[in-house]
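Worksheet: the structure to be examined is printed underneath.
The values are calculated or read from the model by the stated rules, or taken from the named source; none is laboratory data. Remember, predicted model here, so these are calculated numbers, not experimental data. Neighbour counts are summed over all protein chains in view; Cβ atoms, including those assigned to glycine, are modelled from backbone coordinates with ideal geometry.
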Amino acid sequence: MKKNIYIIIGHGACGKSSLVRALTGIYSGGAIRFIRSVNGTDTKFAIWVRSRQEVGDKPAKVLEDVKNNKETNVLLTLRFGEYNRCPEAKEYVDLLMTEHNVSHIVYMGSDKEPATLTYSTIKSIVIGNSVDTPVNANASVARKLFGWL
């Protein structure tokens, strides 16, 4: 089953996990949550708070986790660059796109999205990091992009 993937990408310590917490109320690990859209529909999401590179998951493992999860909507975070012997975000996004619908990306803490991470078919936005921008302001922007309340 093709899943809808929402991704938050940023550098280390830019506030990716804080943004996920502000959006979902999940504080660690992974969980399932209902998210209400602007049209009033409640949709279940599988949510992973920490970036997949931080926990040491290679792209194939993330693809397997997404595939094996029963939810059709997934929110996860990635780092821009290589980390913890794991590749940069582009490898994850490209692999996920082979089997799923990567529909939204929030690029966090970067003046502009990296040229290597520009996808014409994905709705995206660039927001500040948690040092420069309050997390509730970033959450408001991400909610608008995602179509969430």
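Would you mind telling me which numbered condition in (1) crowded, with 22+ Cβ neighbours inside 10 Å; (2) within 24 Å of residue 148 (Cα to Cα) residue 53 fails?
(2)
Pick out the one residue from 90, 61, 70 that is surrounded by 15 or more Cβ atoms within 10 Å (Cβ to Cβ) and either hydroxyl-bearing (Ser, Thr, Tyr) or free of Cβ contacts under 8 Å to residues at least 40 places away in the same chain (or both). So that I can check it myself, show each step before the final result.
Numbers: 61 fails: surrounded by 15 or more Cβ atoms within 10 Å (Cβ to Cβ); 70 fails: surrounded by 15 or more Cβ atoms within 10 Å (Cβ to Cβ).
Result: 90 is the single residue among 90, 61, 70 that is surrounded by 15 or more Cβ atoms within 10 Å (Cβ to Cβ) and either hydroxyl-bearing (Ser, Thr, Tyr) or free of Cβ contacts under 8 Å to residues at least 40 places away in the same chain (or both).
Looking only at residues that are assigned to a loop (DSSP other than H, G, I, E, B) and hydrophobic (A, V, I, L, M, F, W, C) in the stretch 1-18, which one is farthest from residue 82 (Cα to Cα)? Before you say what the answer is, go through the steps one by one.
Restricting attention to the stretch 1-18, the residues satisfying the condition of being assigned to a loop (DSSP other than H, G, I, E, B) are 1-3, 11-15.
Then keep just the ones that are hydrophobic (A, V, I, L, M, F, W, C); that gives 1, 13-14.
Numbers: 1: 29, 13: 14, 14: 15 Å.
Within the stretch 1-18, the match that is farthest from residue 82 (Cα to Cα) is 1.
Being closer than 24 Å to residue 13 by Cβ and β-branched (Val, Ile, Thr) is true for just one of 41, 116, 72, 121. Which residue is that?
Numbers: 41 fails: closer than 24 Å to residue 13 by Cβ; 72 fails: closer than 24 Å to residue 13 by Cβ; 121 fails: closer than 24 Å to residue 13 by Cβ.
Being closer than 24 Å to residue 13 by Cβ and β-branched (Val, Ile, Thr) holds for just one of 41, 116, 72, 121, which is 116.
List pairs: first in the stretch 23-39 and modelled with pLDDT of 95 or more, second exposed (fewer than 13 other Cβ atoms within 10 Å of the Cβ) and among the hydrophobic types (A, V, I, L, M, F, W, C), Cβ under 8 Å, 6+ apart or cross-chain?
So the pair list comes out as 36/149; 37/149; 38/149.
Can you name the strands (runs of 3 or more DSSP E) wholly within the stretch 54-149 that have at least 3 residues being over 16 Å from the mean Cα position of the chain (by Cα) and within 26 Å of residue 1 (Cβ to Cβ)?
Working: elements: 73-79, 101-108, 123-127.
Filter on the stretch 54-149 gives an empty set.
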